[in-house]
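Written out below as structure tokens is the structure these notes cover.
Rule-based calculations on the coordinates, nothing more; no lab input. All of these numbers come straight from a predicted model, not from anything done at the bench. No Cβ is skipped: glycine too gets one built from the backbone with ideal geometry, and neighbour counts run over all protein chains shown.
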Amino acid sequence: MSLDRREALRLIVALSVAACSAPPPPLALPPRRHAAAARQIGQAWLKAAGVMTDAQALADALGAGAPAEPAAFTAWIRERHQADLAAGRTTQVDGWLLSLTEARLYGLYALLP
């Protein structure tokens, strides 16, 4: 299965916005096959990193200081992602090099029902 990272990241951003109780941005959700791959990457990160497995705690950690407005939230997530890469806050998951923000988003998605 091939995963388009940009589509998966858009899905994860939309889901994390929903998890933070803000209305989701107007993003088209990717096909189910990408959602399944995003969940798989999230599960692999959670297992490998041994990090929190409580969705609310992970959403709180990810969304600390996040703006409530959906468009601003999307830009904020992108900025955090870029800052992670610039600072070397990255992790390897199943051959993917992810920023800490990406890994948290995938992990959050993996924990959502």
For the pair Ala86/Ala57, report the inter-label distance in nm, with labels modelled 7 Å from Cα in the Cβ direction. 3.1
Taking the number of other C-beta atoms within 10 Å as the exposure measure, put Trp76, Trp45 in order starting with the fewest. Trp76, Trp45
Ala110: net charge of surrounding residues, Cβ under 10 Å, Lys/Arg +1, Asp/Glu -1, itself excluded? +2
